[in-house]
Amino acid sequence: MPPKGSRKSASSLPTQTLVLDNGAYTLKSGLVPAGSSNLAYDGCTVTPNCIARSSRDKRTYVSSELSKCADFGELAFRRPVEKGFIVNWEAEKAIWEHEFLDSKAKEGLRCDPRETNLLLTEKPNCPSLLQKNCDEIVFEQFEFARYYRCVGPTLNAYHPAQPNSLSSLPQECLLIIDTSYSDTTILPLYSGQLIQSALRRLTVGGKLLTNYLKELSSLRHYNMMEETYLLNEIKEAVSFVAPSAQQFGQNLERTWKGRLGDKRNLDPTIVLDYVLPDYEQSIHGYARPHDPAKSRMRRGLQPLQGPREDLLPLGNERFAVPELLFHPTDIGIQENGLPEAIMQSVGLLPEALKVGMLANVVVVGGNSLIPGFMERLESDLRALVPAEYYLNISRAEDPVKHTWLGAARLASQPELLKEVLVDKAEYDERGSGWLARKFAGGDTK
């Protein structure tokens, strides 16, 4: 439920709200008119949350301008969000101005802040100083008419219950698994409120997976430590999660080349070649079946035939990288895997809530799109959940935009929105401490 204790302002409520899911990798944003009833994922625009500088064409690309880049080689990225929190407001302010205030901003996003509400998401456990900085910039520099800041995944509670599953249970019991760029968080929600004591966070997210793939590729093939964009593209194109820990071990055997003098044939159903882009004829690479002859040519063991190609052979990297979500100890991170962390979280809840949470588990975030992820998560969880409990786990229809759509459903309901929004006059009168308590759902007297 929305935090209580808000004081109604005499001024009228603006008729539109900018809903902004401010992720570390992308911005999910859209303008929501008050009373809108036809909300859908199509109303959300996804743009990179970064400023990129190319060392080749010497150009700087701000957010959506990145789509105009023709050479992604050695791009230097400046990301204003670290570990899910906005830490660089100079960069974030430039991105917001470009996407929402500039005359060239996309239609449907451009707005006048003085006539617009802002609903902004954040990660749980954001340091109070960063929250204070955020509030000051929203009111002092952007001058939004009214403003609400909240933990993003909690807004998934505003989605209607699904009629064809046990998710039709009241939405007051909802267990959100948010596996995103910065990290993976487990959030038990009761009536839309986060149960803070049962919150769990894993440091493994999309950023760590991409960095691990960079290290493996640089160690085994080329130096690709500066090719963040390319390696992220490769990760999204070829990664998959092994169905089980046992299958993971078998796949390692099938992709092992063998010792010197005892070479083995690689499994062609797993090992493939990724053709790297040259940024002249092509700006995107592609995967194709592994060709041992091409591999020998690449290493100079066989005369070159046909056009020159830069190949990146990928074997166990395809499944060893996303395996970190289930076994972070593989690279020395002393944390439980995702299934164990989920059970640790629900184990802290009363019995009645535990039953309700396990019967309504929803997964959001880009990492859930990795092939095999949902099947592995459900399989591992079923092995841990006692037989007398019902487990219902599902991935959101669009896991990247799902949180935004939940926020948009809140923003479309004027009566609910009035309860949580704060205007500049209230902020000036009561101060940042009061605002922090209000947004946290605490005592605002």
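The values are calculated or read from the model by the stated rules, or taken from the named source; none is laboratory data. The shown structure was predicted, so the numbers you read here are calculated from the model rather than taken from an experiment. Ideal geometry is used to build each Cβ from the backbone, glycine not excepted, and the neighbour counts take in all protein chains shown. Only protein heavy atoms, including side chains, enter the accessible area calculation; ligands, DNA and RNA are left aside. Shrake-Rupley method; radii C 1.70, N 1.55, O 1.52, S 1.80 Å.
Points worth noting:
- Some residue of region 247-256 being of a type in the set (K, R), open to solvent by 30 Å² or more (accessible area, probe 1.4 Å) and not assigned by the TED database to the domain that holds T403: yes
- There is no residue in region 53-69 that is assigned by the TED database to the domain that holds E143, over 23 Å from the mean Cα position of the chain (by Cα) and within 18 Å of C134 (Cβ to Cβ).
- Region 47-74, subset under 18 Å from G206 (Cα atoms) and not in a loop (DSSP other than H, G, I, E, B), residue least open to solvent (accessible area, probe 1.4 Å): T47
- Selection of helices (runs of 4 or more DSSP H) fully inside region 352-426 by the criterion of at least 2 residues being of a type outside the set (A, V, I, L, M, F, W, C) and without any contact (Cβ under 8 Å) to a residue 40 or more places away in the chain returns 373-384.
- Taken over region 111-143, the criterion of being over 24 Å from the mean Cα position of the chain (by Cα), in a loop (DSSP other than H, G, I, E, B) and not β-branched (V, I, T) is satisfied by C111, D112, E143.
- Count of residues meeting criterion [touching a Gly at 6+ places or on another chain (Cβ under 9 Å) and open to solvent by 70 Å² or more (accessible area, probe 1.4 Å)] in region 377-430: 1
- For Y181, the criteria (1) assigned to a loop (DSSP other than H, G, I, E, B); (2) surrounded by 19 or more Cβ atoms within 10 Å (Cβ to Cβ); (3) of a type outside the set (A, V, I, L, M); (4) modelled with pLDDT under 95 hold in every case but one, which is (4).
- Of all residues in region 75-97 being of a type in the set (V, I, T) and open to solvent by less than 60 Å² (accessible area, probe 1.4 Å), the one that is farthest from P127 (Cα to Cα): I95
- Within region 33-63, the set of residues being touching a Phe, Trp or Tyr at 6+ places or on another chain (Cβ under 7 Å) and within 30 Å of P414 (Cβ to Cβ) comprises C44, N49.
- Enumeration of residues in region 330-348 that are in a helix (DSSP H, G or I), farther than 16 Å from L194 by Cα and either open to solvent by less than 50 Å² (accessible area, probe 1.4 Å) or among the charged types (D, E, K, R) (or both): D330, L338, P339, E340, A341, M343
- Sub-6 Å Cβ pairs linking a first residue in region 73-96 that is free of Cβ contacts under 8 Å to residues at least 40 places away in the same chain to a second residue that is among the polar types (S, T, N, Q), at least 6 apart or interchain, are P80/N88, ordered by first then second residue.
- Flag for S29 being among the polar types (S, T, N, Q), over 21 Å from the mean Cα position of the chain (by Cα) and not in a helix (DSSP H, G or I): no
- One residue alone among S63, S36 is closer than 20 Å to T403 by Cβ and at pLDDT below 90, and that residue is S36.
- Count of residues meeting criterion [surrounded by 14 or more Cβ atoms within 10 Å (Cβ to Cβ), over 23 Å from the mean Cα position of the chain (by Cα) and not charged (D, E, K, R)] in region 98-110: 2
- Search result, residues across region 215-272 that are of a type in the set (G, A, S) and in a strand (DSSP E or B): G258
- Test: L311 is surrounded by 11 or more Cβ atoms within 10 Å (Cβ to Cβ), at pLDDT below 95 and of a type in the set (A, V, I, L, M): yes
- For region 23-72, a tally of residues being under 28 Å from T179 (Cα atoms), in contact with a Pro (Cβ under 8 Å, 6 or more places away or on another chain) and touching a residue at least 60 places away in the same chain (Cβ under 8 Å) returns 4.
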